[in-house]
1. Based on the Cβ-Cβ distance from residue 110 to residue 164, what FRET efficiency comes out when R0 is 45 Å, to the nearest 0.05?
2. Which FRET efficiency value, to the nearest 0.05, is calculated for residue 230 and residue 208 with the Förster distance at 22 angstrom and r the Cβ-Cβ distance?
3. Sort 46-58, 125-137 by packing, meaning the average of other beta carbons within 10 Å per residue, with the highest value first.
4. Counting only residues 5 or more places away or on other chains, whose amide H sits under 5 Å from the amide H of residue 597 once H atoms are built in the peptide plane?
5. Taking the range 213-275 on its own, what percent of its Cα-Cα pair distances exceed 20 Å?
6. Using a 1.4 Å probe, how large is the accessible area of residue 158, given in Å² and rounded to the nearest 10?
7. Arranged from highest to lowest average of other beta-carbon atoms within 10 Å per residue, in what order do the peptides 462-468, 600-606 appear?
8. Between residue 38 and residue 365, what is 0.36 nm times their sequence separation minus the Cα-Cα distance? Round to one decimal in nm.
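The values are calculated or read from the model by the stated rules, or taken from the named source; none is laboratory data. These numbers were taken from a predicted model, which means no experiment stands behind them. Quick reminder, even Gly has a Cβ in these numbers, built from the backbone with ideal geometry, and neighbours come from all protein chains shown. Only protein heavy atoms, including side chains, enter the accessible area calculation; ligands, DNA and RNA are left aside. Shrake-Rupley method; radii C 1.70, N 1.55, O 1.52, S 1.80 Å.
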Amino acid sequence: MEDKDKTKDELIEEMSQLMWKFQICDAKERRSHKETKSLLISTLESTADGILVVDMEGKITFYNHTFVDLWRIPMSLLSMKDDSALLSYVIEQLSKPEEFIAKVKELYANPSETSYDVIEFKDGRIFERYSQPQQLDSEIIGRVWSFHDITAAKQAECKLKKSEKKYRRLVELHHAGICVFDRDGLAIYVNPAMAEMLGFTAEELIGHRPHEYMDEADVAMVPEILKELRQGKKEQLEFRFYKKDGTKLYTMVDLSPMFDESGQYEGAIAGIIDITEKRLVELELRHAQRMESIGQLAGGVAHDFNNIISSVLNYVYLIKRKINDLTPEELQDFVDEIQASAERASKLTKSLLVFSRKHAFEFTTLNLADIIDGMRVLLINLIGGDIELELNISSNEVYIHADVNQIEMLIMNLAANARDAMAGGGKLGITLQKVEPDERFFKLISVEKTQEYALLTVSDTGEGMDNRTMAKIFDPFFTTKEVGKGTGLGLSTVYGVVKQHKGYIDVKSELNKGTTFSIYIPITDNYIKNENALTNCDDERGNGCILVAEDDESLRKVTARVLMRAGYQVTIAADGEEAVKLYSENNIDLVVMDIIMPKMNGKAAYDKIISINKDAKVIFVSGYTDVYLESKLIKEEQFNYITKPLDVIKLLAMIKEIIGR
């Protein structure tokens, strides 16, 4: 409080000095002080405190708009400029007007005194009141009054005192974090364990909403959770928070609504358990499990790449040897086959990168049918040649709100589990369809009630399970495999992913006949179809000067040729330093730049280019995973970005759109 008072005193003293100078300056001096006066008035008008300045006779010399708003003074009264009428209006609002007048008289009798007290209104408002003499050098020329509305803080304090008696014995010594929220979601009580978890004091958390400390990805769930609490539903959810020191806290939260005697919702109680250590261990084990599966995939992937490379080399051989004998149709055929092979290789590479990387939950609207179809090659390599894969997708458009990496991991884990159950070979069936559950479905299981669900079914013809095994398959670290053959996290991971997506998973199995997993995930109508930006050859053409910075000579040359054929002038650079030099020497409209280059990487080169021209237009290119790029401070949402292998149509569309901005 002393630091706060000291700052306020200094502000009031500065204001007093300046206000007095404004009164004694002649016309010429006033003009020279216009800017200073404007700054002072703007500062006083921007404060949340109401400011009133009076002279030695009690006449008003200045007030800010906050003062008028706090005291609810009508403009008609202000326009009268009647200080007595204004004082009467102010006093009429107070619970104890005599104490207010007594304090005013006391301070006028002792002009050099400062003062602080609290005043209460008839309607329940509460203000802090500060008073400081206005001085010019050593002469007192008036008085400054400052009013601060502390009604909300006082009301929260009152509620806290009432709830302390009710909950203190239960929660003060509890090892779990406990927080009580009012109907607006503001914290009105926090126990020591909760405060310690987040690294704050309880006082620092009171009056704040939990999503102020929550991971951004989890904040989106808050409105729906509050809606369900008001309907009387209890919730158990996993949330990620950030501690005061910035570290991440993983928690399991149990939420219970509170209602008053009349049935009106008055808030909620949250029980919070710190599961950070457990979650981090699980994340590391999941990643280890992925890496273990990568080894199993390696043989199949190498086989596929060899087939792709053989196909490309053979078509190139035919073109080189028979170029003069080929008809245009045959040449086009060969080129199409080479392109198809390259696209197969690209998909295989991307699938491997997705499967091996670590990734936090990032929910977007996506087409589940596309995801499953895009995983076909990866699944074939995962299960091996002695197991037949049968995909049956009944609809090409099944949109869900989901994290693509988690959904892919879910499918891979179920496929790996099925493979292990079919040691002697068999059939893995994956089907996808839209279903409309009836009321009986919603009564039997607790899921989000929507009109349609995506039903993903994964079945195998393996050894099956008995009822005792089925009862434990989703438990973390439970496994029927030999020691060292599995982590026991595959199916518990699947269960966790389904729950995070507000879905439901069911399993049916019969010994020696096989197992079927049925996963229900809510369908969303909130999606936008992607359309190709370019539809014909004329759309590809553009004009302007483009700098291509790429350390791979072959890719640099072919990119330059593509851009020149599209009508652009092209300058090329082999590294970041050369790119900066050429940019400074030429009139460049746009830079197409690799992120990882020798001598100077793309981000460092970008920073230097921006220092030359703050409006520089840049497209970043890279074949690295997003986790690597984030470590290099390149993120798709912050920069224009395209991945390798380059899609020429997409690149030309992006260039044309950015240059045209």
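1. Numbers: r = 40 Å, r/R0 = 0.89.
Step by step, r from the Cβ atoms, then E = 0.65.
2. Details: r = 20 Å, r/R0 = 0.91.
Efficiency, rounded to the nearest 0.05: 0.65.
3. Working: 46-58: 15.5, 125-137: 18.2.
Packing order, densest peptide first, comes out as 125-137, 46-58.
4. HN-HN under 5 Å from residue 597: 602.
5. Values: 614 of 1953 pairs.
The calculated P(r) of the range 213-275 puts 31 percent of pairs beyond 20 Å.
6. Result for residue 158: roughly 70 Å² accessible.
7. On the way: 462-468: 15.0, 600-606: 20.7.
The peptides rank, most packed first, as 600-606, 462-468.
8. Working: separation 327, 0.36 × 327 = 117.72 nm, distance 5.03 nm.
Using 0.36 nm per residue and subtracting the Cα-Cα distance, I get 112.7 nm.
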